[in-house]
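The structure appears below as structure tokens.
The values are calculated or read from the model by the stated rules, or taken from the named source; none is laboratory data. Model, not experiment: these values are computed from the prediction. A quick note on method: Cβ atoms are made from the backbone with ideal geometry, for glycine too, and the neighbour counts reach across all protein chains shown. Accessible surface areas use protein heavy atoms only, side chains included; no ligands, DNA or RNA. Shrake-Rupley method; radii C 1.70, N 1.55, O 1.52, S 1.80 Å.
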Amino acid sequence: GCVLVVSVIEQLAQWHNSTVKAAMERLCDYIPEKHNSLCLCTISFSIDREMNADVVCHSLRLCKQDPGQPLCHLYSPPKRKHSSGLFHALADARPKRQIRSKSFMGFSSVCAFPLLANPCEKIKYVLRNKLPFEDSDGDKFSTFPTLRGYHWRGRDCDDKNTTVYPGRRPDNWDAKSDSNCNGIWGVDPKDGIPYEEKFCKGADSKGVVLLGDSAGAHFHIPPEWMTVTQMSAKSFANLPMAFSDELDWPQFSEITGFLNSTIGGWTDSLYLRLRKRNRCNHRDLQNISQNGGSSGNLLSLIKSLARNQLLDNPAIVIYATIGNDVCNGERDTLAHMTTPKEMLSNVVQALRYLDSHLPNGSHVILTGLVDGRFLWDNLHDRYHPLGQLNKDVTYSQLYSFLDCLQVSPCSGWLTPNETLRNLTSERALQLSNVLKEIARSEKFVNFDIFYMDFPLRQTAEEWRKMGGEPWQLIEPVDGFHPSQIAAALGTAITWQKALHEWPQVLGKENPFNDQIEAIFKDQGGY
């Protein structure tokens with residue numbers, strides 16, 4: 001964190017030809033005024049051109065070297081006249097420079113700050129429960145967008161009534177009110193038939209649920225947050241929303257996206273296509289994903305599913321933990337990967353839970369793991385946003401820095417060690433084969449089950465046909481997650497596969513869609 005912030009401050013000073021102090025003030029001014037208390041610019045330091053962010057942060061003792069561990073650094077060590085290396089730079093910096101921290105606040109002490117106490121408690125609650133913080137009736141749906149609200153699940157239309165929520169079967173055909181929040185209710189004065197009955201009866205309505213990881217939640221750190229040549233107050237306008245959504249953007253995601261993307265690319269999602277196919281499916285979505293999601297911790301996360309077997313419509317459930325069963329930041333990463341036996345146990349347990357909670361007629365699609373060698377192959381020698389100004393930080397350097405700190409999102413793939421990359425992909429294939437076999441052999445009462453490979457190769461091929469480059473399919477800041485473009489293209493590929501191989505999963509087209517839109521166009525807001 002320190003290296004990131006100091007890097008941005010130093011580059012701001014360089015780009016605007018200003019002092020470090022002026023650059024710090026500029027950065028703080030960029031933070032939205034309402035949330036300016038979040039800008040804890042309390043570090044005071046004086047540096048010269050030879051002191052990069054690594055030197056500053058180690059000198060401040062915000063970065064440290066544990067006994068027996070390497071000295072981690074992002075930048076190449078500064079070059080001195082008579083010596084070189086980070087050790088010598090630190091030795092020079094500590095006695096000669098006035099580098100001090102007036103105050104450094106960790107998360108717990110930040111939460112003691114009066115203006116931040118309430119937001120911190122909300123974020124802690126959400127991280128712990130993965131349920132909407134603002135949910136007056138406790139039905140797991142909300143009228144508030146973030147903090148696991150309607151960015152993650154269909155928007156509630158009556159947060160004071162626990163029997164009103166997206167995805168339920170209509171109460172008395174919603175003749176008097178909208179019990180399932182799809183915007184269709186009331187009675188046709190011409191014949192006295194409720195609109196929901198007229199337009200949605202027998203329409204094979206179904207919702208979409210994602211059980212996934214940070215890729216499914218659509219993790220994204222805006223590159224303009226650390227690209228000083230593009231940085232302005234406008235760059236940080238979305239910062240409060242981003243943090244209250246855990247740096248995830250499910251409202252633009254591949255499975256449950258429903259808003260036009262504001263982070264590049266375009267939004268195309270399974271939910272939007274199901275809604276277009278049958279307007280009665282409006283708002284019936286749940287993105288039950290978390291950063292770091294794996295087959296193991298999904299067993300806890302799955303309990304936040306909101307589906308009543310007796311009252312609700314069937315659902316299409318996408319089970320997609322595409323990397324974290326092989327990805328970790330451990331030095332001996334292979335030893336910490338999920339084994340095929342563990343994968344089998346975890347997934348079967350999750351499916352049994354779904355069988356006891358999903359309405360009859362549901363469907364489950366198991367998605368295979370990605371081949372993450374794509375990341376190194378397409379990014380390692382490119383410049384990271386932090387390195388674009390001075391051409392001094394490649395993705396290879398970023399990966400090595402994170403690996404040294406033991407916080408790499410994937411030590412097995414984000415490494416120059418080709419053998420390790422291949423072994424990681426080999427394990428990922430083994431786990432995908434477990435999923436494939438489960439789909440082939442396991443039977444459940446309330447849903448049928450399918451398997452599909454993660455469509456990375458097809459996505460890359462399609463993007464090349466459109467004139468794109470493979471690296472554009474990867475998130476630029478973390479160099480690990482699928483980008484907005486990759487998410488949208490992946491949706492189209494998945495949809496075509498389903499149409500040709502499992503048409504029963506998608507349901508039939510509703511012939512009344514145009515009529516529904518004409519009558520209820522002002523009542524179907526998100």
* Between a first residue in the range 497-509 that is under 16 Å from Thr367 (Cα atoms) and a second residue that is open to solvent by less than 20 Å² (accessible area, probe 1.4 Å) and among the charged types (D, E, K, R), which pairs have beta carbons less than 9 Å apart while being 6 or more apart in sequence or on different chains? -> Val505/Lys206
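Of all the helices (runs of 4 or more DSSP H) wholly in the range 414-526, which have at least 2 residues that are farther than 18 Å from Gly372 by Cα and open to solvent by 80 Å² or more (accessible area, probe 1.4 Å)?
Working: elements: 418-441, 456-465, 484-501, 503-506, 513-520.
Answer list for the range 414-526: 418-441, 456-465, 484-501, 513-520.
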* Asked: If you scan the range 195-218, which residues turn out to be under 18 Å from Ile263 (Cβ atoms) and either open to solvent by 30 Å² or more (accessible area, probe 1.4 Å) or assigned to a helix (DSSP H, G or I) (or both)?
  -> Ser214, Ala215, Gly216, Ala217
* **Residue that is nearest to Leu247 (Cα to Cα) [pool: residues in the range 121-142 that are surrounded by fewer than 16 Cβ atoms within 10 Å (Cβ to Cβ) and more than 21 Å from the chain's Cα centre (by Cα)]** => Glu121
* To do: Confirm whether Val407 is touching a His at 6+ places or on another chain (Cβ under 9 Å), under 22 Å from Ala53 (Cα atoms) and among the β-branched types (Val, Ile, Thr).
  => no
* Of all residues in the range 345-360, which are out of contact with any Leu (no Cβ under 7 Å at 6 or more places or on another chain) and under 16 Å from Asp325 (Cα atoms)? -> Ser345, Val348
* Is there a residue in the range 190-204 that is touching a Ser or Thr at 6+ places or on another chain (Cβ under 6 Å) and of a type outside the set (Lys, Arg)? -> no
* What residue, of Leu239, Leu247, is in contact with a helix residue (DSSP H, G or I) (Cβ under 8 Å, 6 or more places away or on another chain), farther than 20 Å from Asp325 by Cβ and surrounded by fewer than 24 Cβ atoms within 10 Å (Cβ to Cβ)? -> Leu239
* Structure fact -> Of the residues in the range 324-337, those that are of a type in the set (Gly, Ala, Ser) and either touching a Phe, Trp or Tyr at 6+ places or on another chain (Cβ under 8 Å) or open to solvent by 70 Å² or more (accessible area, probe 1.4 Å) (or both) come to Ala335
